[in-house]
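Below is one structure, written out as structure tokens; the observations come after it.
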Amino acid sequence: MDANLKRSLLIDNFQNPQNKGLIDDESYIKINTNNESCIDELDFMIKIEDDIIKDIRFDGEACAISTSTASVMIKTLIGKTVKEALTIISNYENMIDEKAYDKDILGEAIIYDEIYKQPNRKKCALLPWNGIKEILEKYI
Amino acid sequence: MDIREEFPMLVNNKDLIYFDNGATTFKPKLVIDSIKDYYENYTSNAHRGDYNISLKTDMKYEGTRKKVKDFINASKPEEIIFTSGTTEGLNMLIQGFFKNYLNKDDEILLTKSEHASNLLPWFRLCEEIGCKIVYIDLDKDLKVTLDNVKKKVNSKTKVISLAHITNVVGDIRPIKEIASYAHENNILVVVDAAQSVPHIKVDVQDLDCDFLVFSGHKMCGPTGVGVLYGKYELLDKLKPYNLGGGMNASFSPEGNIELKSLPQRLEAGTPNIEGVIGLGAAIDYLSLLDMDKVHEYEVKLKEYLVKRLKENDKIIIYNENSESGILAFNVKDVFSQDTAIYLNDYNICVRAGSHCAKILKEELDIKNTCRISLYFYNTKEEIDKLVSVLKNTDMLYNQILL
């Protein structure tokens, strides 16, 4: 993907993130994620029904990478089964860690395919995905 | 000679702009050489040998104690205890002295802008013995005033523990006035001087504080060494946490231990000899520079920084009125860490985050900031570079991805 397009998608997701703001609803599972090596701190809530991810919402204060990838992740995972979501997450992690991955299932998340060139941002790019993975793994 | 030529970090990194001196400072060559000299020419343990190189080590080690005593104007060298740094100094003090000194329901006065190391050890003590923390209100400039201290003092108040200069806001607290009022009310005063001893002239007798702690590495010295100062009669009651060699006068198989007097009693085991020797060299260096001049230069530099940053209406400054070289700021609508990483692209080092003062956000109403902390080797030219780079912040988010 063209670098300018990647940038504009990232900035768009950062400035107008999907589903930002938590709601008061007991049917959601909640998790807090924070990055020990920096100051990102995001809360997530996820609603799973009949094994399908119905909704994910988030809130908090974090850098452009963390915030935008939270938004991208939410768009990518809603509507997927728990198992499909876990496959996507593991592919995303492989991409960030420079391992082999299937780019066809990553959707917009492909814009982070060069983050490995900035090692200090890898954790930012992984933070939201790790949080949701923790919930999904418990669910299975 | 240009001061910057004396710092290998500055000589070897010509393009580097280092604005994170509140975190740690660069070392002048004479500090590095003093450590090298110890390892290459007279390595030996302190306080033990009957041979020349050990006597030299002893002389250098105890020599630093005298240098520290003079540097902060303590009454005697025995009031100077070497620690691993400010954090250890505070923990030693709180666990070794205040745990015995305080009773259930006694009150400790702190502020929300203290560093974690002047909060967490007190939290634990409260859990252990049932004493209580009371926060002094900060004024609109986030400063501590004597009036606000008085408002929180009552018959249960037994200790006030404050940073001399805070590491986020950079305000200089009126310790002398607070100590004078505290002593009239039988309250002890602890000073976290990690950000003051490196930057201003500190005179413990003039301040009349009861205890004071600081770190070597924030004042051109090596990491892993620091100082705990206490008035002799009080320090003498501090119960050592570490027992072992060098601190006992005698002991019997039945377990009767007789401890040495100060300062050895509080320095069990082989100390950080290279660190103490390096700290001695750092004090020699700072004494030559003259701390009053260091402070004067930093204040002028900070004023220049504020003036230049104000040219840019996208910059929000949080502590314009503090009298030290610390400046907290953000770029409008930009997360502090993104600003720091953007500046890093231009080899400018600033710190982003809550700066170990995680409860200050309640006062600042903003969680994270970028912090610039200046030292005497920073220059106006470096500030000009920062200002010009910050002019392009429209580009900031364009640079995030490669």
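Criterion applied to B:288, B:301 was being of a type in the set (A, V, I, L, M), in contact with a Leu (Cβ under 9 Å, 6 or more places away or on another chain), surrounded by fewer than 22 Cβ atoms within 10 Å (Cβ to Cβ) and part of a helix (DSSP H, G or I), and the one residue passing it is B:301. The criterion of at least 3 residues that are crowded, with 17+ Cβ neighbours inside 10 Å and of a type in the set (Val, Ile, Thr) is met by the following strands (runs of 3 or more DSSP E) wholly inside segment B:107-174: B:157-163.
Residues that are surrounded by fewer than 18 Cβ atoms within 10 Å (Cβ to Cβ) and within 8 Å of chain B (Cβ to nearest Cβ) within segment A:111-128 comprise A:114, A:117, A:118, A:120, listed in sequence order. A count restricted to segment B:208-226 and to residues that are on the phi < 0 side of the Ramachandran plot, buried (at least 21 other Cβ atoms within 10 Å of the Cβ) and in contact (Cβ under 8 Å) with a residue 40 or more places away in the chain stands at 13. Yes or no: residue B:234 out of contact with any Lys or Arg (no Cβ under 9 Å at 6 or more places or on another chain), within 22 Å of residue B:291 (Cβ to Cβ) and either in a loop (DSSP other than H, G, I, E, B) or not assigned by TED's automatic domain parsing to the domain that holds residue B:325 (or both)? It is false that residue B:234 is out of contact with any Lys or Arg (no Cβ under 9 Å at 6 or more places or on another chain), within 22 Å of residue B:291 (Cβ to Cβ) and either in a loop (DSSP other than H, G, I, E, B) or not assigned by TED's automatic domain parsing to the domain that holds residue B:325 (or both). If you go through segment B:175-207 and keep only what is among the charged types (D, E, K, R), surrounded by fewer than 23 Cβ atoms within 10 Å (Cβ to Cβ) and not in a loop (DSSP other than H, G, I, E, B), you end up with B:176, B:177, B:184, B:206.
With respect to (1) at pLDDT 95 or above; (2) farther than 17 Å from residue B:288 by Cβ; (3) assigned to a loop (DSSP other than H, G, I, E, B), the lone exception for residue B:48 is condition (1). Among the residues making up segment B:1-13, a single one is surrounded by fewer than 18 Cβ atoms within 10 Å (Cβ to Cβ), assigned to a loop (DSSP other than H, G, I, E, B) and modelled with pLDDT of 95 or more: B:13. Selection over segment A:23-58 of residues that are more than 17 Å from residue A:136 (Cβ to Cβ) and either within 14 Å of chain B (Cβ to nearest Cβ) or buried (at least 17 other Cβ atoms within 10 Å of the Cβ) (or both) gives a count of 8. Scan segment B:52-71 for residues that are acidic (Asp, Glu), within 18 Å of residue B:282 (Cβ to Cβ) and in contact with a Ser or Thr (Cβ under 9 Å, 6 or more places away or on another chain) and the total you get is 1.
The test for being within 13 Å of the chain's Cα centre (by Cα) and small (Gly, Ala, Ser) does not hold for residue A:21.
When B:312, B:321 are checked against the criterion of being more than 27 Å from residue B:118 (Cα to Cα) and in a loop (DSSP other than H, G, I, E, B), a single residue qualifies: B:312.
Restricting attention to segment A:68-86, the residues being in contact (Cβ under 8 Å) with a residue 40 or more places away in the chain and either touching a Pro at 6+ places or on another chain (Cβ under 6 Å) or under 17 Å from residue A:45 (Cβ atoms) (or both) number 9. Taking the numbered list (1) over 20 Å from the mean Cα position of the chain (by Cα); (2) outside the structural domain of residue B:47 (by TED's automatic domain parsing) in turn, residue B:263 passes all entries but (2). Taking segment A:1-54 as the range and being of a type in the set (Val, Ile, Thr) and touching a Leu at 6+ places or on another chain (Cβ under 6 Å) as the test, the residues that pass are A:33, A:53.
For segment B:76-90, the candidate set comprises residues that are touching a strand residue (DSSP E or B) at 6+ places or on another chain (Cβ under 9 Å) and in a helix (DSSP H, G or I); within that set, the residue that is nearest to residue B:66 (Cα to Cα) is B:79.
The values are calculated or read from the model by the stated rules, or taken from the named source; none is laboratory data. None of the values given here were measured: they were computed from a predicted structure. With ideal geometry, Cβ positions are generated from the backbone for all residues, glycine too; neighbour counts draw on all protein chains shown.
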